Each structure stands twice: as C-alpha cells, then as structure tokens.
Amino acid sequence: MIRVALAEEQRITRWALREALARDPEIEVVGDAGTVEETVTMVRDLKPDVLILDTTLHDNDHSGFDVLAQIRQIETGPVVVLAPHTEPGYAARAVAAGAHGYVSKAEPPERLLEAIRAVVRGEQFLPPGVADLSLAEGHPAGRLTARELQVMEMLARGMTNREIAHHFDISIKTVDTHRGHVLKKLGVRNNSELTRFAVKHGYVAV
C-alpha cells in the first residue's frame, strides 16, 4: 500500500483528488492540507510515502516552494508536484527545489498515478517537454537568485517593499535593489508586468 498525502489549496480539488486516488486499491490517502503550515505539519506527523503538492499553494508570504525547502529536513517520501503549468522553467524550478515528479493539472488522472508509482520506485517522473532540463536554461526566471525569486513572489502578491524588508529583516534599500534586479532579468518594467509574469508562469495563484 502506498501512503499518499495531498497538499492543495482548493477544497473541491482536494476532495476530487482524494476520490480519484481512493479508487486505486494500492493507494491510501492518509491526509490532506490546504496551507503551507498545515502541509509541513502533516508531512512531519504522517511521513507519507508520497506527497502530492500544488506549488501554487500559499499562505501569508509563503508558497508551495517553501514546503519543498522545509521538508528537505524531514525524513519522508518523495514529492510529486501537481501544478497548472507545463512550462519547462517552472517544472525545472520544482525539480531543483526537491520535487521528484511533475504532473500538469491538465493531464488525465492516470498520469498522476503513473507519477506516484514512478517516484516510489525511485525514478524521476517529468513531462516530455521537461525531461531535458536544459530546455529551461533560457527561461528568464531561471536567472534569478533564490532571494530574488522570493522577492518576486512577494511583490506579485501585492506586498510592499517595507513589508518585504520587515519579513527578511533587511533594509528597504536592499529590497529595492533586489526588485531592480528582478525587473531587469525578467525584462519587465513595473510591478504590474511582474505580477502578470508571475501569474502566467505559476509562481503565484490568481
């Protein structure tokens, strides 16, 4: 029996996933969560064989990618990212952050089942367009540092430079510097264009 946990913000989607996975006699859904904090706690307590994670999951100024970073410190099973995009750069970022598999929400349920079994066997499960991660090298966000990615996501969620500075305990000037680097690397002119970029590529939820 493969013990699976679900991390998905939308309740109806969580219910649908649970119902779909429950039809497989080899899979047991042992828990589900709707926020970053709940997900980390769930993984720590249940230690599932596989975590299905929607990286657009977020609360306050944390995202699903923060889950990947935090559970690296926990002895638990592999992670399959279930996301709304097949964009190579986004999938490559998920894998670089610690994901073992990646499935688009546009795929049929069978693909998710295949991914679960693959990562349990110790294999990596990626869409054909992402199998060669070198495809992502040309993606603008791939040139951002980890801190720049964090700043980009926070700006896209509507946080001010002052709020971001307070969160990281850095100066507003430093935040503004990061913002300038992000705008230049992404080729956008302002926060509105930055937000559209972040939403389009799945870094933040609409």
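Structure notes:
- Contact annotation: residue pairs with Cβ atoms under 7 Å, 6 or more positions apart or on different chains, pairing a residue in region 160-186 that is free of Cβ contacts under 8 Å to residues at least 12 places away in the same chain with a partner that is exposed (fewer than 15 other Cβ atoms within 10 Å of the Cβ) and in a loop (DSSP other than H, G, I, E, B), are A165/S171; L183/R189.
- Those residues of region 152-206 which are among the β-branched types (V, I, T), at pLDDT 90 or above and in a helix (DSSP H, G or I), in sequence order: I164, I172, T174, V175, T177, V182, T195
Conditions (1) touching a Phe, Trp or Tyr at 6+ places or on another chain (Cβ under 8 Å); (2) under 19 Å from E114 (Cβ atoms); (3) at pLDDT 95 or above, marked per residue:
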| residue | (1), (2), (3) |
| --- | --- |
| R14 | no, no, no |
| E28 | no, yes, yes |
| D32 | no, no, yes |
| L51 | no, yes, yes |
| N60 | no, no, no |
| F65 | no, no, no |
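The values are calculated or read from the model by the stated rules, or taken from the named source; none is laboratory data. As the structure is a prediction and not an experimental result, all values here were calculated from the model. Glycine also receives a Cβ, built like all others from the backbone with ideal geometry; neighbour counts cover every protein chain displayed.
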